[in-house]
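Novice: Sharing a structure, written as structure tokens. Questions coming.
The values are calculated or read from the model by the stated rules, or taken from the named source; none is laboratory data. A quick note: this is a predicted structure, and the numbers were derived from the prediction, not measured. Here the Cβ positions follow ideal geometry from the backbone for every residue, glycine too, while neighbour counts run over all protein chains shown. To get the accessible areas, we keep the full protein, side chains included, count just its heavy atoms, and leave off ligands, DNA and RNA. Shrake-Rupley method; radii C 1.70, N 1.55, O 1.52, S 1.80 Å.
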Amino acid sequence: MRNVSQPSTLAMHLTAQGVFLFCILGCVYSNSLSGRSLGNGTEDIDQIVGGSQANPGEFPFMAALRYNGAFFCGGTLIAPSFILTAAHCLVNVPASSTSSLQVTLNTLAAGGGAGAEVRTIRRFVLHPSYNTVTKQNDIAIMALNAPVNNVAPVPLPFFSDAGTSYEGQSTVIAGWGTTSSGGSLSSTLLKASVSVLENRICRKQYRRTSILGLVISSAFYPGEMMCAAAAGKDTCQGDSGGPLLHAGFQVGITSFGRGCADPNYAGVYTRVTNYLGWIADTQRKI
């Protein structure tokens, strides 16, 4: 995953056999299990690698997520009162701590500035089938305490786009994440262009690996995920929850990757077209 400073969920999956496995997981698969959850963990954060500075007003719907004042993930405004982000960004946030969550919109600076819109969170909902190990269904919605009426939400694909693979299409990523694996966060919103890869390539890159029956690396599920890459460009730590945009529509949510801009591993994104029904239904009920 590609969020910042959230507590690792790894310990939750260790059994009584776990000391040996913990050593293996920590030493060998730390990159593939990057993506922190809030708290005191040590998972990776994503930031745009190989990007350039976004232009004023280019991504007003981009949301900088903060917990107790500290930036940890990205998100997008999809309606005046709703933010779309990754489930792994919020999985360790207690439901009783929503008052500690804050989003900043309409800004290039991660810390906000003139014209920025700041809101607290009324409630958030993770996809009920989110899997912390395989990263399946890595999607969540946050309800704002008050609507943002002066910022245009990012458009989502149409239901008729559900069968679109986007393979070979040029897309745009954006975020405040680190510009190299393990590097520092960017104070300014960055963007980069990447191409959606064929599902067969993504599946080959992210083959399932397990030890003693415990899944420790993510498989790629083409119905729920898509991957994208370009030479020297990628999302990185801190970019989790941010968008993958095609022709101005958000088709993906930054989810996870192994390293940042590693030529052998593309960035993986939640496939938004697979969740249009869930998004619409959740907005009605939340």
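Novice: Exactly one of (1) modelled with pLDDT of 95 or more; (2) touching a strand residue (DSSP E or B) at 6+ places or on another chain (Cβ under 8 Å); (3) at negative phi is unmet by W278. Its number?
Specialist: (2)
Novice: Considering F72, F59, which residue is modelled with pLDDT of 65 or more, buried (at least 23 other Cβ atoms within 10 Å of the Cβ) and in a strand (DSSP E or B)? So that I can check it myself, show each step before the final result.
Specialist: Details: F59 fails: in a strand (DSSP E or B).
From the options F72, F59, the qualifying one is F72.
Novice: While we're looking at this one, here's another question. Filter segment 145-164 for residues that are part of a loop (DSSP other than H, G, I, E, B) and under 13 Å from I279 (Cβ atoms) and give the result.
Specialist: Residues satisfying the conditions are P153, V154, P155, L156, P157, F158, A162.
Novice: Further question: Can you tell me which residue within segment 165-180, out of those that are among the β-branched types (V, I, T) and either open to solvent by less than 30 Å² (accessible area, probe 1.4 Å) or part of a strand (DSSP E or B) (or both), is farthest from T76 (Cα to Cα)?
Specialist: Quick first cut of segment 165-180, residues among the β-branched types (V, I, T) only: 171-173, 178-179.
Okay, now just the ones that are also either open to solvent by less than 30 Å² (accessible area, probe 1.4 Å) or part of a strand (DSSP E or B) (or both), so 171-173, 178.
Numbers: T171: 16, V172: 14, I173: 12, T178: 18 Å.
Per the stated criteria, the residue is T178.
Novice: Consider segment 108-140. How many of its residues are at pLDDT 95 or above and among the hydroxyl-bearing types (S, T, Y)?
Specialist: Of the residues in that region, 3 qualify.
Novice: Just to be sure before I move on: is I83 open to solvent by less than 30 Å² (accessible area, probe 1.4 Å) and either farther than 25 Å from V172 by Cα or in a loop (DSSP other than H, G, I, E, B) (or both) in the structure I sent?
Specialist: No; evaluated as a whole, the condition is false for this residue.
Novice: Give all pairs with beta carbons closer than 6 Å in which a residue from segment 221-245 that is more than 13 Å from S255 (Cα to Cα) meets a residue that is open to solvent by less than 10 Å² (accessible area, probe 1.4 Å) and part of a loop (DSSP other than H, G, I, E, B); count only pairs at least 6 apart in sequence or on separate chains.
Specialist: A229/A266
Novice: Within segment 246-272, track down each residue that is open to solvent by 10 Å² or more (accessible area, probe 1.4 Å) and within 14 Å of the chain's Cα centre (by Cα).
Specialist: R258, C260, R271
Novice: Please enumerate the residues belonging to segment 88-144 that are in a helix (DSSP H, G or I), open to solvent by 10 Å² or more (accessible area, probe 1.4 Å) and either touching a strand residue (DSSP E or B) at 6+ places or on another chain (Cβ under 9 Å) or touching a residue at least 24 places away in the same chain (Cβ under 8 Å) (or both).
Specialist: A95, S97, T98, S99, S100
Novice: Report, ordered by the first and then the second residue, all pairs with beta carbons closer than 7 Å, sequence separation of six or more or different chains, a first member in segment 197-208 that is closer than 9 Å to E167 by Cβ and in a helix (DSSP H, G or I), and a second member that is among the polar types (S, T, N, Q) and open to solvent by less than 100 Å² (accessible area, probe 1.4 Å).
Specialist: Cβ pairs passing all conditions: N199/S165.
Novice: Working only within segment 181-192, note down all residues that are surrounded by 15 or more Cβ atoms within 10 Å (Cβ to Cβ), in a loop (DSSP other than H, G, I, E, B) and either at pLDDT 95 or above or small (G, A, S) (or both).
Specialist: Within segment 181-192, S181, G183, S186 qualify.
Novice: In addition: Can you tell me which residue is surrounded by the most Cβ atoms within 10 Å (Cβ to Cβ) among those in segment 198-219 that are polar (S, T, N, Q) and at pLDDT below 80?
Specialist: So the residue we want is S218.
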